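Chemist: Here it is, the structure, as structure tokens.
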Amino acid sequence: MRRDYFELDVDSVDWVEEGDDPRRPHVYIDFHGPEDLLRDRLTDPDGELLDTEETDVAFRLQEPRDDNPEATGVVGVTNRITGEFIVELNEEADDVLRFIEAAREYGRSVDADGGQYEVEIAVDGDRLVAYEKETFLVYDAEGNLLRTESLIPSGVEL
């Protein structure tokens, strides 16, 4: 699927810098392409939409951040069972890491049993799925996990 089919927007991240009450960060991914293609990727072999436990969210830098303050990377939502990408789109590293920090602070501030952030995937503005997530892995350009940048719940071993 083409990356330009997707549009990503976030909300509930400014509260961290502004000192407001904590709010669960949200990622909205809107798809503007063939709906059947996206729906197929979001469906398990039984024809059911994947649930939260069957998906993972990650970010892989395309270049070192030290060398470039405007570094970019690829946000990916994958099928945990098959490893296949459901969604891939390019984003600025600072924006993604700011989102992860808001999700981390939200988890520290409130009882986050339902997850520390939410990912919603829509087709032309119509919600298809929403996942409450606790993990958001960050990798460097060589594919090495950046633990300090990642959002990893306590007690989880990778």
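The values are calculated or read from the model by the stated rules, or taken from the named source; none is laboratory data. Bear in mind that the values here come from a model prediction, so they are computed numbers and not experimental data. All Cβ positions, glycine included, derive from the backbone under ideal geometry; neighbour counts span all protein chains shown.
Chemist: Answer with yes or no whether Arg60 is touching a residue at least 60 places away in the same chain (Cβ under 8 Å) and in contact with a Gly (Cβ under 6 Å, 6 or more places away or on another chain).
Modeler: Details: touching a residue at least 60 places away in the same chain (Cβ under 8 Å): yes; in contact with a Gly (Cβ under 6 Å, 6 or more places away or on another chain): yes.
So Arg60 fits the description; yes.
Chemist: Then there is this: Among the candidates Asp46, Asp20, Asp30, Asp67, single out the residue that is over 12 Å from the mean Cα position of the chain (by Cα) and assigned to a strand (DSSP E or B).
Modeler: Unique residue meeting the criteria: Asp30.
Chemist: Quick one: how many residues across region 71-98 are in contact with a helix residue (DSSP H, G or I) (Cβ under 8 Å, 6 or more places away or on another chain), more than 13 Å from Val138 (Cα to Cα) and not hydrophobic (A, V, I, L, M, F, W, C)?
Modeler: The number of residues fulfilling the criteria is 5.
Chemist: Only residues that are assigned to a loop (DSSP other than H, G, I, E, B) and either over 19 Å from Ser150 (Cα atoms) or not charged (D, E, K, R) (or both): list them for region 82-129, please. Show your work before the answer.
Modeler: Taking region 82-129 first, the residues assigned to a loop (DSSP other than H, G, I, E, B) are 82-84, 110-116, 124-125.
Thr82, Gly83, Glu84, Val110, Asp111, Ala112, Gly114, Gly115, Gln116, Asp124, Gly125, listed by residue number.
Chemist: Hey, another quick one. Just give me the residues in region 108-124 being at pLDDT 90 or above and either over 18 Å from Met1 (Cβ atoms) or among the β-branched types (Val, Ile, Thr) (or both), in sequence order.
Modeler: Of region 108-124, the ones at pLDDT 90 or above are 116-124.
If the condition is that a residue be at pLDDT 90 or above and either over 18 Å from Met1 (Cβ atoms) or among the β-branched types (Val, Ile, Thr) (or both), then Gln116, Tyr117, Glu118, Val119, Ile121, Val123 are the ones that fit.
Chemist: Moving on. Taking region 15-42, which residues are loosely packed, with under 14 Cβ neighbours inside 10 Å and within 30 Å of Tyr106 (Cα to Cα)?
Modeler: Of everything in region 15-42, those that are loosely packed, with under 14 Cβ neighbours inside 10 Å and within 30 Å of Tyr106 (Cα to Cα) turn out to be Glu17, Glu18, Gly19, Asp20, Asp21.
Chemist: When only residues in region 1-14 that are over 22 Å from Tyr117 (Cα atoms) and either among the basic types (Lys, Arg) or surrounded by 14 or more Cβ atoms within 10 Å (Cβ to Cβ) (or both) count, which is nearest to the chain's Cα centre (by Cα)?
Modeler: Of region 1-14, the ones over 22 Å from Tyr117 (Cα atoms) are 1-5.
Next, only the ones that are either among the basic types (Lys, Arg) or surrounded by 14 or more Cβ atoms within 10 Å (Cβ to Cβ) (or both) stay: 1-3, 5.
Numbers: Met1: 17, Arg2: 18, Arg3: 15, Tyr5: 16 Å.
Once the filter is applied, the top-ranked residue is Arg3.
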